[in-house]
Ligand SMILES: [Zn+2]
């Protein structure tokens, strides 16, 4: 009886972990909170630092206004 409960608990834990790892809201939210619009990011192309407010994100990479136009 106790063994059954332990197996259930372990199985439940792994199911929880499996879904927990897949849900982006658990792992990503603290990181996203840190990035406010005044955070400086480096342009992928020219290395200029631009604020998140001003940068352009293309395929997950940051570009300054100039490089994004090209
Ligand atoms: Zn640039």
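Sticking with the crude label model, points 7 Å out along Cα→Cβ, report the distance from residue 56 to residue 16 in nm, one decimal please.
Label at residue 56, label at residue 16, 4.6 nm between them.
Starting from the Cα of residue 49, step 7 Å along the direction of its Cβ; do the same at residue 7; then give the gap between the two resulting points in nm.
If labels sit at residue 49 and residue 7, their model points lie 5.8 nm apart.
Kindly rank 54-64, 8-18 from highest to lowest mean number of other beta carbons found within 10 Å of each residue.
Peptide ranking by packing, descending: 54-64, 8-18.
FYI, it's all coordinate maths here, none of it is from the lab. Since the structure is predicted, the reported quantities are computational estimates derived from the model, not experimental observations. Methodologically, a virtual Cβ is constructed for each residue, glycine included, from the backbone with ideal geometry; neighbour enumeration extends over all protein chains shown.
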